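Accompanying notes for the structure given below.
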Amino acid sequence: MKTIAITIPLGMSARNILRSDAFRILPKHARLVILTPFAGDAKFHAEFDRPNVNFELLRFRSSVVGKILRRLADPVETYLFTQKTHIETLLFLKKWLQNERPFEYFKTRLLAASFEWRPMLSWLRCWHIKCLRDQAYGAIFKKYEVNLVLITHLFNLADQQVAATALHCGIPVIGMPHSWDNLTSKSGIRQGTNADPGRTVPVRFDKVIVWNDVSRQELLEFYGYTHDSIVTVGIPQFDIYMNKERFKKREQFMADYGFDPAAKLILYAAGTPQYLPYQDEIIDALVEIIRSGRLGQRAQLLVRGHPNRMALEASKKVRTRYQGSSDVRFQEPSSAYTALSDTAWNSVPGDEYELANTIAAADVVVTMGSTIILDAAALDKPIVNMMFDGGPVDSSFHSIKKYLHYTHYIKIEKTGAFQTAYNPQEMEAQIQRYLRDPSLESKERRDLVAMECFKIDGKAGERIAGAILDYLEPNKMLAN
């Protein structure tokens with residue numbers, strides 16, 4: 001039996017892959033080695049331990065020389081990638097760097113110019129890859145006689161280390177972008193969104209599995225892949241949307257939160273304080289709207305916190321303020337929804353339906369450019385996308401409106417699947433409009449689903465397993 005190593009760097013990775021049919025099918029045909037920071041977590045083992053599945057620690061390690069080379073390679077590669085591709089997101093962040101940190105921009109540009117000469121760039125790339133390799137992963141590959149590696153987050157440093165080591169060992173590597181926006185928002189210049197210069201993907205994958213044909217086109221256009229090296233599968237965590245018989249009845253969901261099932265439910269899917277520092281003020285505005293009577297019907301508010309430790313900490317005050325309110329409730333996502341690797345696995349089997357139940361029960365979904373837009377569209381729920389900050393910001397680069405310049409957002413906005421609110425008054429008017437007629441923009445929501453979700457047929461997990469096993473053993477008929 002052949003062996004496949006799979007990286008699971010984040011809670012979301014476990015939800016997307018290990019809770020999909022891919023993980024049901026793969027152990028029947030191959031031995032799996034799950035590389036994850038949760039390798040020593042008893043709850044994680046309790047949920048995912050089964051025959052033919054082994055766990056090893058995923059952790060980024062770097063030598064002093066490796067750190068120095070990465071400090072050189074990251075700004076050089078991200079600047080050159082931005083210049084080469086002209087991706088809207090990256091050009092916007094480049095402009096931010098020019099305006100907000102001119103010295104850093106000059107330093108980055110000078111450094112990139114120093115390595116533009118092909119022999120110098122080849123030297124940098126060669127040594128960067130050499131220093132990225134880790135003998136610990138080489139030992140794991142040897143121990144389990146690994147035949148194939150699946151990388152589930154192309155821009156995660158530990159994943160890149162696994163990929164570089166595998167390719168050095170002559171083991172083929174399949175890459176899978178972590179989310180729908182990664183190829184245009186995680187690569188290239190990144191200083192406008194975090195302290196790091198950003199990073200590109202330093203390795204070339206033998207095959208890439210993507211959610212949709214938008215990502216396929218981005219791989220062709222920006223990354224130089226060919227059609228036959230890309231497989232489109234759909235969104236694995238959306239497979240549950242075909243299992244509506246497992247959804248809670250709306251009355252039960254509302255009762256669980258102490259809501260009146262006869263009243264309307266507004267779901268606010270919160271952002272992070274990094275991007276939305278005045279989130280409390282936005283929640284206050286939503287509470288005022290539902291309590292004012294101006295909507296013309298009774299409504300209640302459910303605030304789904306962003307699955308991020310910073311966000312949960314920042315929301316303590318507003319949670320306390322509305323504690324005990326019958327018309328305002330808060331929901332805290334489990335670690336299965338987090339983009340974190342340094343947290344315990346506090347999820348339990350079945351809570352992947354938590355978000356599905358929440359959206360299914362909602363009458364209107366309010367969010368800010370997040371993946372929740374796709375979830376809501378998949379369940380044909382009216383969407384209000386808020387594009388205001390709730391308070392003063394010092395420049396447009398620090399405003400939530402920066403998403404208007406992001407490639408992935410530009411594409412979905414063109415579908416007309418949601419209404420955009422630029423102030424609380426517009427948000428109120430759009431919520432009211434959808435409460436009166438939830439069928440508005442239903443066709444456009446279907447168009448968005450067709451564009452970004454490929455197929456919602458409950459078989460994305462199967463297609464992932466099929467793509468992996470077909471590469472491992474071509475032309476072999478595999479039973480589910």
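The values are calculated or read from the model by the stated rules, or taken from the named source; none is laboratory data. Computed from a prediction, not measured in an experiment: that's the story for all the values here. Cβ: placed from backbone, ideal geometry, glycine included. Neighbour counts: every protein chain shown.
Tell me, which residue of the stretch 214-242 that is assigned to a loop (DSSP other than H, G, I, E, B) and in contact with a Cys (Cβ under 9 Å, 6 or more places away or on another chain) is nearest to Thr358 (Cα to Cα)?
Residues of the stretch 214-242 assigned to a loop (DSSP other than H, G, I, E, B): 223-226, 233-235.
Among the residues that remain, those that are also in contact with a Cys (Cβ under 9 Å, 6 or more places away or on another chain) are: 234-235.
Details: Gly234: 22, Ile235: 19 Å.
Filtering first and then ranking leaves Ile235.
How about the stretch 60-70: which of its residues are under 25 Å from the mean Cα position of the chain (by Cα) and closer than 15 Å to Thr108 by Cα? If you could, list the steps in order and put the result at the bottom.
The first filter runs over the stretch 60-70 and keeps only residues under 25 Å from the mean Cα position of the chain (by Cα), leaving 60-61, 70.
The answer is Arg70, and nothing else.
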Number of positions in the stretch 9-46 that are of a type outside the set (Ser, Thr, Tyr), under 23 Å from Leu154 (Cβ atoms) and in a loop (DSSP other than H, G, I, E, B): 7
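Quick grid of which residues meet (1) under 26 Å from Glu218 (Cα atoms); (2) surrounded by 12 or more Cβ atoms within 10 Å (Cβ to Cβ):
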position: Arg61; (1), (2): no, yes
position: Gly66; (1), (2): no, yes
position: Gln83; (1), (2): yes, yes
position: Leu90; (1), (2): yes, yes
position: Phe106; (1), (2): no, yes
position: Ala113; (1), (2): yes, yes
position: Gln135; (1), (2): no, no
position: Lys143; (1), (2): no, yes
position: Ile151; (1), (2): yes, yes
Near pairs, Cβ below 7 angstrom, 6+ apart or cross-chain, from the stretch 53-77 (not assigned by TED's automatic domain parsing to the domain that holds Gln160) to any residue that is outside any loop (DSSP other than H, G, I, E, B) and hydroxyl-bearing (Ser, Thr, Tyr): Pro75/Thr108
Tell me, please, whether a residue that is assigned to a loop (DSSP other than H, G, I, E, B) and farther than 13 Å from Val33 by Cα can be found in the stretch 160-170. yes
Scope the stretch 256-269; condition part of a loop (DSSP other than H, G, I, E, B) and in contact with a helix residue (DSSP H, G or I) (Cβ under 6 Å, 6 or more places away or on another chain); matching residues: Pro261
So if I check each of Arg463, Arg433, which one is within 20 Å of the chain's Cα centre (by Cα), of a type outside the set (A, V, I, L, M, F, W, C) and part of a helix (DSSP H, G or I)? Arg463
Considering only residues that are more than 23 Å from Ala362 (Cα to Cα), surrounded by 20 or more Cβ atoms within 10 Å (Cβ to Cβ) and not aromatic (Phe, Trp, Tyr), which ones fall in the stretch 398-432? Ile400, Lys402, Thr407, His408
Could you check the stretch 288-329 and list, in sequence order, the residues that are among the charged types (D, E, K, R), more than 24 Å from Asn357 (Cα to Cα) and at pLDDT 90 or above? Glu288, Arg291, Arg294, Arg321
Any residue in the stretch 376-397 that's assigned by TED's automatic domain parsing to the domain that holds Arg446 and buried (at least 19 other Cβ atoms within 10 Å of the Cβ): show its pairings with residues that are at pLDDT 95 or above and hydroxyl-bearing (Ser, Thr, Tyr) at Cβ separation under 6 Å, as long as the two are six or more apart or on different chains. Ala378/Tyr241; Pro382/Tyr434; Asn385/Thr420; Met387/Thr420; Met387/Tyr422; Phe388/Tyr422
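Output the residues belonging to the stretch 93-103 that are surrounded by fewer than 20 Cβ atoms within 10 Å (Cβ to Cβ) and within 25 Å of the chain's Cα centre (by Cα).
As a first pass, look at the stretch 93-103 and keep what is surrounded by fewer than 20 Cβ atoms within 10 Å (Cβ to Cβ): 95, 98-103.
Once the filter is applied, which keeps residues that are surrounded by fewer than 20 Cβ atoms within 10 Å (Cβ to Cβ) and within 25 Å of the chain's Cα centre (by Cα), the stretch 93-103 yields only Lys95.
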Residues that are under 16 Å from Tyr275 (Cα atoms) and either modelled with pLDDT of 90 or more or not assigned by TED's automatic domain parsing to the domain that holds Asp49 (or both): does the stretch 425-434 have at least one? no
Just checking, does the stretch 36-45 include any residue being surrounded by 18 or more Cβ atoms within 10 Å (Cβ to Cβ) and closer than 30 Å to Pro474 by Cβ? yes
